[in-house]
Amino acid sequence: MIQYIVKRFLLVIPVLLGATLLVFTIMEFAPGDPARIMLGNDASLEDIQILREDMGLNDPFITRYIRFITNLLKGDLGTSYRNNLEISSQIFQRLMNTMILAGSAVLIAVLIGIPVGIISAIKQYSVFDNFIMMTTLFLAASPVFWLGLMLVLLFALKLGILPPAGMKSGFPGLLLSLILPALTLSSNTMAIIARTTRASMLEVVRQDYIDTARAKGLKESTLTVRHMLPNALIPILTVIGISFGSLLGGSVVTESIFAWPGVGRFIVDSISFKDIPSILASVVMLAILSTFVNLFVDLLYAFVDPRIKSQYQSLKR
Amino acid sequence: MCALNNKITVESKVETVRDRTLFQQAWNQFKRNRRAMVGLWIIATLVFILIVTILIDFLTDYSIYDSFVIKQNLRNKLAKPSLKHFLGCDEFGRDLLLRILWGTKYSLLLGFSAVSLSFLIGGPFGMIAGFYGGKIDNAIMRVMDVFMACPFILLAMAIVAALGISTTNLLIALGVSGMASFSRVTRASVMAVKDMEYVEAARAVGASDLRIIVQYIFPNAMAPILVQITLRIGTAILLVAGLSYIGLGIQPPAPEWGAILTSAKMYMRDAWHISAFPGLFLVTTVVAFNLFGDGLRDALDPKLKK
């Protein structure tokens, strides 16, 4: 087991290096001289040259990339062009906020999606099942930003029960301000989880061991939770893992609608200010985050899928 | 005589069954799928709207576009849906229905071109990886893993941010960020057919690698790729709208659906219709492509069917 975990960890390193190199390279294409942007248009050529030398902008690409990585490992993400502040100090709280949002969205999607999928599968072709299949079809195809606007329209403007935007603090405040954005962000994933759960459960329902268990006289609820669900879980986990990446991406848009102070909004703001170091740092941090989430899901497989476990146990013997 | 006649008709029926091409078989299968046909009809309608709006612009030299879709008419500001303006008017008094109809071309054309571009970049890599295997495969696929590690929309945003906001750059961003998944699909389907007997036969008669890939493997590996293309168009349309919504895609006053929603947000309290209708069109379009893609998958590749 430990062997598996170590192996997965080692495999992440080249991916992370590659992802940072990719984003770093893309940002190389950004027009404009950072030194000129920082000094303004009136600066003399000499001043610009001195600052370029100071910032190490005249170094070759590889040197700058290696410096970026070593700084990143030290927790230094560079300085923003916008306000000359350290990016790491601006980004850390925002990363937390994004994770709160994305985490709640995953939680909602799982807590609603899996039970709904199970019921749909057990009551296949019932009115409930048809209704769920229709709803999820549309939910999976709905743009996050549009759903968000509709939810604001209904719950904040018409009914007035939830705040339309912003992130509040404190116990009921944070939770209340979290409901609409988290629900919005979770919508697509929830629909996909429900559909996958249904499909995966339907495959398990027809297996012989379910008939055997039923013949032994097990209660239907025990049968569902103990015998069907664990066997149907692997495709569901895969979907959750895949969607976390798109959830982090989707948070960019969701944060813009709900004025949620996360990294996504920070990126959008940074883009409008052409603040390249901030964009670079935020995208890199989100890519790292999503890689680690994928790693976590991979590790979960080992616990859920006995085949992976036994593969490594047999190696040990 | 009668028996002979019967025999002939039976034989000709057998002949017609044999004569059916793979395309006809798939089409027959597809036709029976009601949901897929609904998807196809919606897409056909959208394509019709697209052609008509482009033709009108071409024939009237953009005068209708300029005076009804773009030109502001503040007397109708935020007008509610009525018989005169079926879907109401936007914050500048422009007819929302006309704007949405004219916006169809952005979603459809950009969605389709972005996915095609992804395939044109990612497909050949996948083909080479799947065909040659070994070290080449490993090298290509590890690079693709890196692309997959970055969330799709973030990669697209980074590219737009670096290259600058324009339609061409949006297309490049979507094309590049989507290529990795296409290289994976292409690789998998090439690997599924590359050991088939007809490929071996082609190799035995001395066909070059390029010829084998282009003439024998590609046509037979096409089904899953085609399915992936249709299913991805929906995602690409949502991305175009999403990026336009946050101001990184199509810029106003162009009537792109996502861009319409950006300004609609500010008038939500007084004019719900501006934010509701463009979204409904978006959802319908994406649902149509998803239904069509699912139907295509069932018809072309029964193995993939769940």
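The values are calculated or read from the model by the stated rules, or taken from the named source; none is laboratory data. Since the model is a prediction, treat every value here as computed from it, not as a measurement. Glycine also receives a Cβ, built like all others from the backbone with ideal geometry; neighbour counts cover every protein chain displayed.
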Item checked: Exclusive hit being over 30 Å from residue A:226 (Cβ atoms), in contact with a helix residue (DSSP H, G or I) (Cβ under 9 Å, 6 or more places away or on another chain), part of a helix (DSSP H, G or I) and within 14 Å of another protein chain (Cβ to nearest Cβ), set A:189, A:184 -> A:184
Check: Among the listed residues A:10, A:45, which satisfies the condition of being without any contact (Cβ under 8 Å) to a residue 40 or more places away in the chain, within 14 Å of chain B (Cβ to nearest Cβ) and out of contact with any strand residue (DSSP E or B) (no Cβ under 8 Å at 6 or more places or on another chain)?
Finding: A:10
Checklist line | Single residue of segment A:124-148 satisfying the filter (more than 8 Å from chain B (Cβ to nearest Cβ) and of a type in the set (Gly, Ala, Ser)) that is farthest from residue A:197 (Cα to Cα) | finding: A:148
Notebook entry, point to check: Any residue in segment B:173-183 that is surrounded by fewer than 17 Cβ atoms within 10 Å (Cβ to Cβ), within 14 Å of chain A (Cβ to nearest Cβ) and not acidic (Asp, Glu)?
Noted result: no
Next item on the list: Name every residue in segment A:233-266 that is among the small types (Gly, Ala, Ser), farther than 18 Å from residue B:243 by Cβ and touching a Leu at 6+ places or on another chain (Cβ under 9 Å), in order of residue number.
Entry: A:241
Checklist line | Filter result (buried (at least 16 other Cβ atoms within 10 Å of the Cβ) and within 7 Å of chain B (Cβ to nearest Cβ)) within segment A:13-33 | finding: A:15, A:18, A:19, A:22, A:23, A:26, A:27, A:30
Next item on the list: Starting from segment A:196-223, take each residue that is free of Cβ contacts under 8 Å to residues at least 40 places away in the same chain and list its partners that are acidic (Asp, Glu), counting only C-beta distances under 9 angstrom and pairs at least six apart or across chains.
Entry: A:214/A:220
Margin query: Looking at A:120, A:80, A:104, A:126 in this structure, which one is over 19 Å from residue A:266 (Cα atoms), among the polar types (S, T, N, Q) and buried (at least 19 other Cβ atoms within 10 Å of the Cβ)?
Written below: A:120
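State which residue is surrounded by the fewest Cβ atoms within 10 Å (Cβ to Cβ) when the search covers only segment B:149-166 and only residues that are in contact with a helix residue (DSSP H, G or I) (Cβ under 7 Å, 6 or more places away or on another chain) and more than 7 Å from chain A (Cβ to nearest Cβ).
B:160
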Next item on the list: Write out, first by first residue and then by second, each pair whose Cβ atoms fall under 6 Å of each other, whose residues are 6+ apart or on separate chains, and whose first residue, in segment A:149-164, is facing another protein chain (nearest Cβ under 7 Å) while the second is surrounded by fewer than 16 Cβ atoms within 10 Å (Cβ to Cβ).
Entry: A:157/B:269
Check: Looking at (1) in contact (Cβ under 8 Å) with a residue 24 or more places away in the chain; (2) farther than 23 Å from residue A:141 by Cα; (3) in a loop (DSSP other than H, G, I, E, B), which is the only condition residue B:122 fails?
Finding: (3)
Check: Taking helices (runs of 4 or more DSSP H) that do not extend beyond segment A:1-88, which have at least 2 residues that are modelled with pLDDT of 90 or more?
Finding: A:2-28, A:61-73
Next item on the list: Quickly run through segment B:244-260 and pick out the residues that are facing another protein chain (nearest Cβ under 9 Å), more than 14 Å from residue B:105 (Cα to Cα) and not hydroxyl-bearing (Ser, Thr, Tyr).
Entry: B:246, B:247, B:248
Check: Within segment A:233-249, can one find any residue that is more than 30 Å from residue A:87 (Cα to Cα) and at the interface with chain B (Cβ under 10 Å from one of its Cβ atoms)?
Finding: yes
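Rundown of residues vs (1) outside any helix (DSSP H, G or I); (2) more than 29 Å from the chain's Cα centre (by Cα); (3) surrounded by fewer than 17 Cβ atoms within 10 Å (Cβ to Cβ); (4) modelled with pLDDT under 85, yes/no style:
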position: B:37; (1), (2), (3), (4): no, no, yes, no
position: B:48; (1), (2), (3), (4): no, no, yes, no
position: B:53; (1), (2), (3), (4): no, no, no, no
position: B:66; (1), (2), (3), (4): no, no, yes, yes
Margin query: Take the conditions within 14 Å of chain A (Cβ to nearest Cβ) and either under 23 Å from the mean Cα position of the chain (by Cα) or modelled with pLDDT under 90 (or both) and apply them to residue B:109. Does it pass?
Written below: no
Margin query: Quick check on segment B:261-280: of everything there that is touching a Leu at 6+ places or on another chain (Cβ under 9 Å), more than 8 Å from chain A (Cβ to nearest Cβ) and of a type outside the set (Gly, Ala, Ser), which residue is farthest from residue B:237 (Cα to Cα)?
Written below: B:270
